[in-house]
1. Toward the positive end of the charge dipole of the stretch 228-311, about the Cα centre and with charges on Cβ (Lys, Arg +1; Asp, Glu -1), which of V294, Q229, L280 goes farthest?
2. Answer with one residue from A252, N54, S348: the one whose Cα lies farthest towards the positive end of the charge dipole of the chain, charges on Cβ with Lys, Arg +1 and Asp, Glu -1.
3. With r as the distance between the Cβ atoms of W420 and A51 and R0 = 41 Å, compute the FRET efficiency 1/(1 + (r/R0)^6) and round to 0.05.
4. With N denoting the number of residues in the chain, provide Rg(C-alpha) divided by 2.2 N^0.38 Å, to two decimal places.
5. Could you work out the per residue convex hull volume over the alpha carbons of the stretch 86-234, in cubic angstrom?
6. Kindly express, to the nearest 10 degrees and within the range 0 to 90, the angle between helix 210-228's C-alpha long axis and the longest C-alpha principal axis of the chain.
7. Given +1 on the Cβ of Lys and Arg, -1 on the Cβ of Asp and Glu, and no further charges, what dipole in debye does the chain carry about its Cα centre, rounded to the nearest 20?
8. Compute the helix-to-body angle for 129-142: its Cα long axis versus the longest principal axis of the chain, expressed 0 to 90° and rounded to tens.
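The values are calculated or read from the model by the stated rules, or taken from the named source; none is laboratory data. Since this is a predicted model, take the numbers as computed values, not measurements. Don't worry about glycine lacking a Cβ; one is built from the backbone with ideal geometry, like all the others, and counts go over all protein chains shown. Surface accessibility is based on the protein's heavy atoms, side chains included, excluding ligands, DNA and RNA. Shrake-Rupley method; radii C 1.70, N 1.55, O 1.52, S 1.80 Å.
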Amino acid sequence: MTKSVYAYRNGVLCAEALPLAEIAEEIDTPFYCVSAKQLQRNYRLFAKPFADLNATIHYAVKANANLAVIRILAECGAGADVTSAGELERALAGGVAPQKIVFSGVGKTRDDIAAALLAGILQINAESLPELRLINHVAGALGKEAPVSLRLNPDVDAKTHAKISTGHKGVKFGIGLEQMGEALALLLASPHCVFKGLTMHVGSMLKDYEPFRLAYQRLADVVGLLRAQGLEVERLDLGGGVGIPYDGQTLAPFADYAAMVHEVLGSLGCALSFEPGRKLVGDAAVLVTRVVHVKETDNKTFIIVDAGMNDLVRPALYGARHEILSVRQNIIGLTAPVSVVGPVCETSDSFGDHFMLPDQLKAGDLLAIMQAGAYASAMASTYNGRPLIPEVLVSGARHAIIRRRIAVAEQMGWESIPDWMVIPRAA
Ligand code: LLP
């Protein structure tokens, strides 16, 4: 585990000054616990190396769109990167100033664009020619001027999981180099759009910085080409994608990334933007879950817990492995390799095999699934008739529920049975 606010004190895993077992006692499991201090620390660590550049940080709200999380980061100085009118609404409600919001995504609808323009956000990142036409049309209809950056697809292999690789040819994201000229001509001819610069996002959870270097170099090349044509490029938005260690690995220090950005783009004189998600929130939360059964078979021990793939889908969807710790420290020291699985009726509902956990582990004991701050509660569902689990924020010794449990009875209130389906009862 990297330096973190989650540490054992008196034999119990704590979030900041609060034992996780105490929260479990109060609100029951499973739940997400988020540390305010870790969010603040992560923001500072990201921002510091770029303090000498004209740089802004736009938190990728999709990683965890909880209002309290957005608020904490906004108070640190973060702007927001949003991908829908819904995320825009959340960012604004969380206290992010519209002039600090950028809007990404390949499928922006008329409503998304209108919401962005009416809010007066900093920049819309356009990803295709039809989208440019729509932005121009909506801006014209609203009597607004749309600040637009073009998302370049640099055609680099991000060397991350295929499902979250976004910067190579053949994926839906961005505008390829071969289409850039056409897109730019269209943008410059669009009376209701203003060209602001270029943007890219090559993928998420990059473990090394070489793909970034390649991509940023291509971006710098395009800036050179545009300037040679007399066009000013005000801003470069470098996207997100910096990875974090999930299971004890050591990744290249963030300082290397920052140094590379300085080296490749520092002297261009463009305002730089970053859109980090995972790096700001990934290690700020844990998922606390209780052992329901210990099931021994002839070749495996299954620790069946009360959190499932609906609560944390990353292992099932990307084969991700999150470190798992026992909330009560293993005093005796004996551990055994076990498989930790959820209750959902799919084989994919597994957090993985060969976790070394206390061999005394029994029903009722608590586990913490670590580094569960990014794309965790944000991707939760109610699959298998399960409640949406709560999120708790800890700050020092204080805590508060920042998303309450949404029980199934309440979820059923979202649904209705059409009148015409109701078969009248026999008199
Ligand atoms: N900017 C854009 C345009 C993005 O699409 C994303 C993430 C980010 C920024 C933030 O990337 P980050 O710094 O968090 O890597 N659900 C997956 C990750 C999906 C990432 C989607 N886009 C996971 O659980 O690993």
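1. Of the listed residues, the answer is V294.
2. N54
3. So, using R0 = 41 Å, E works out to roughly 0.05.
4. This ratio for the chain stands at 1.07.
5. Cα convex hull per residue, to the nearest whole number: 115 Å³.
6. With rounding to tens, the tilt is 20 degrees.
7. So the dipole magnitude of the chain works out to roughly 440 debye.
8. 80 degrees
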